[in-house]
Amino acid sequence: MRQDNQLLVITHLSQLITLITGFGSLILPLILWLTQKDKVYQMDEHGKNIVNFQLSLIVYCLLCIPLILFFGLGILGFIILGIISVIFPIINAIKASRGENPTYPLSLNFIS
């Protein structure tokens, strides 16, 4: 296994592809993780954290849809999730460049 912090940073930042294309925040990191998890040191851990975070965001967005009917709480939820989905990949990309472990808030553990 090789140490490749740049690829880890790219994997974290690949979640932001949604800002450009409108989709792909789960697909691109998933492909990078599945193809590189046995070749790059710590890719398995980082990839699992990213996929768990993205799946959690999908679940939370689905929960926000019915909450729109309750005084617009769903809209507030969408705004908060949007901010979280942009800020934390950048923070964790910086952590990955330093060799630290990523932490994503509100992340459910789908893949362990």
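Here are some notes:
- Every test in (1) open to solvent by less than 30 Å² (accessible area, probe 1.4 Å); (2) in a helix (DSSP H, G or I) is passed by ILE91 save one, and that test is (1).
- Region 31-47, residues that are open to solvent by 50 Å² or more (accessible area, probe 1.4 Å) and under 17 Å from ALA96 (Cβ atoms): LYS37, LYS39, TYR41, ASP44, GLU45
- Only residues that are closer than 23 Å to GLN3 by Cβ and among the hydroxyl-bearing types (Ser, Thr, Tyr) were counted in region 29-68, giving 2.
- Evaluation of LEU28 against (1) closer than 18 Å to ILE111 by Cβ; (2) open to solvent by less than 40 Å² (accessible area, probe 1.4 Å); (3) of a type in the set (A, V, I, L, M) (one fails), failing number: (2)
- Cβ-Cβ under 7 Å pairs, at least 6 apart or on other chains, region 94-110 side more than 18 Å from LEU81 (Cα to Cα), far side part of a helix (DSSP H, G or I) and open to solvent by 70 Å² or more (accessible area, probe 1.4 Å): ASN101/GLU45
- Of the set (1) under 15 Å from LEU108 (Cα atoms); (2) surrounded by fewer than 18 Cβ atoms within 10 Å (Cβ to Cβ); (3) within 14 Å of the chain's Cα centre (by Cα), all apply to LEU62 but (3).
The values are calculated or read from the model by the stated rules, or taken from the named source; none is laboratory data. Owing to the predicted nature of the structure, the values given are computational and were not obtained by experimental measurement. Using ideal geometry, Cβ is built from the backbone for each residue, glycine included, and neighbour counts are taken over all protein chains shown. Keep in mind that these areas ignore ligands, DNA and RNA; they rest on the heavy atoms of the full protein, side chains included. Shrake-Rupley method; radii C 1.70, N 1.55, O 1.52, S 1.80 Å.
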